[in-house]
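Bear in mind that the values in this text are calculations on the coordinates, not laboratory data. Since the structure is predicted, the reported quantities are computational estimates derived from the model, not experimental observations. Glycine also receives a Cβ, built like all others from the backbone with ideal geometry; neighbour counts cover every protein chain displayed.
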Ligand SMILES: [Zn+2]
């Protein structure tokens, strides 16, 4: 062993950007870099990823750090094979992501499904009491979930489990990008909220967060926001009665709306569940870094160093998110 301090590479591949970091054994970030894809897909997106990996390796070398392994998370990853089965925004289909990155970096590489890995991190470090039955819902441009049932992640027979955004919540409702009608994502994703506001005559360029913030004085914003809360409460009520999660945690960009989202959603969920109490509902403690933290956990586990994760900050079991709004 050299005397160099060990780190892992943690890379979060999103639909529009790549975020990479060097994470040490205490969970601290020792360097980071992000790349905006600007519409690059296919091999061009893969080249951006390889450049990011090379630049993180160079950053480690210049900082006197010793990379042990890399954790790489992306949409559509099959954990068993390390392949991206399908990632529409990246234009990747059946891509051997793990093997490609391992060859490029010269390191062992662990790959994970983006939302499931973020859910894993939130479950481990988010201060949840019951860690065996747990739902993490990521609400951003789209909506997806990581569902933990009796200690095991639900990935399904075709790796399609947890596609919460395409749960039909309104019978024969508005069309979704997936081709179905009445999907949760068609009403409650950040993109859908902005689009529904605009197509009903609202000003262009308003984000979902802007709409949440102005709902009191702008009746159209109020109506669109209420529709989103209603759709989400229907979806979460279904998850609750099916799986009885010990907690439901909301992550992704929309969860940054804090109490503007959580307060009405808690109330709506409680009012739907007449015969049972709702599970605790809270915002992600790790916020937008949940994916990156999860990628680092995968890498330390692969390197046989999972003991160090035990010492990472776990938060308070009663911890209420800062809320923002
Ligand atoms: Zn859909």
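What translational D, rounded to a whole number of µm²/s, comes out for segment 1-105 from Stokes-Einstein when the hydrodynamic radius is the Kirkwood one over Cα pairs, at 37 °C and 0.692 mPa s?
Taking Rh from Cα pairs, D becomes 234 µm²/s.
Suppose the Debye formula is applied to equal point scatterers at every Cα of segment 145-235; what is log10 I(q)/I(0) at q = 0.12, 0.16 Å⁻¹?
-0.42, -0.67
For the chain, what is the mean residue ellipticity at 222 nm derived from helices alone (per DSSP H run of n ≥ 4: -39500 (n - 2.57); sum divided by total residues; nearest 500 deg cm²/dmol)?
-11000 deg cm²/dmol
Report the far tail of the P(r) of segment 87-151, meaning the percent of Cα-Cα pairs longer than 15 Å.
63
Which percentage, to the nearest 5, of the DSSP beta bridges contained in the chain is antiparallel?
In the chain, approximately 60 percent of DSSP beta bridges are antiparallel ones.
Whole percent per 5 Å bin, from 0 to the bin with the longest distance: what is P(r) over all C-alpha pairs of segment 129-283?
2, 10, 19, 23, 21, 15, 7, 3, 1, 0
I'd like the antiparallel share, as a percent to the nearest 5, of DSSP beta bridges with both residues in segment 129-283.
60
Stick to the Cα atoms of segment 212-325, pair each with every other, and give me the Kirkwood hydrodynamic radius in Å at one decimal.
Evaluated over segment 212-325, this radius sits at 16.0 Å.
Could you grab the relative contact order for segment 129-283? Cα pairs under 8 Å, six or more apart, rounded to a whole percent.
It rounds to 24 percent for segment 129-283.
Over what distance in Å are the Cα centres of segment 1-24 and segment 207-240 separated?
So the separation of the two Cα centres works out to 36 Å.
Provide the percentage of antiparallel DSSP beta bridges, counting only those with both residues in segment 55-190; round to the nearest 5.
Once the DSSP bridges in segment 55-190 are tallied, antiparallel ones form about 75 percent.
For 274, 26, what ranking results if the residue with the fewest other Cβ atoms within 10 Å of its Cβ goes first?
Arranged by neighbour count, lowest to highest, 274, 26 become 274, 26.
Cα atoms only, the chain: Rg and Dmax in Å?
19.8, 64
How many angstrom lie between the C-alpha centres of segment 117-179 and segment 180-194?
Distance between centres, Cα-based: 15 Å.
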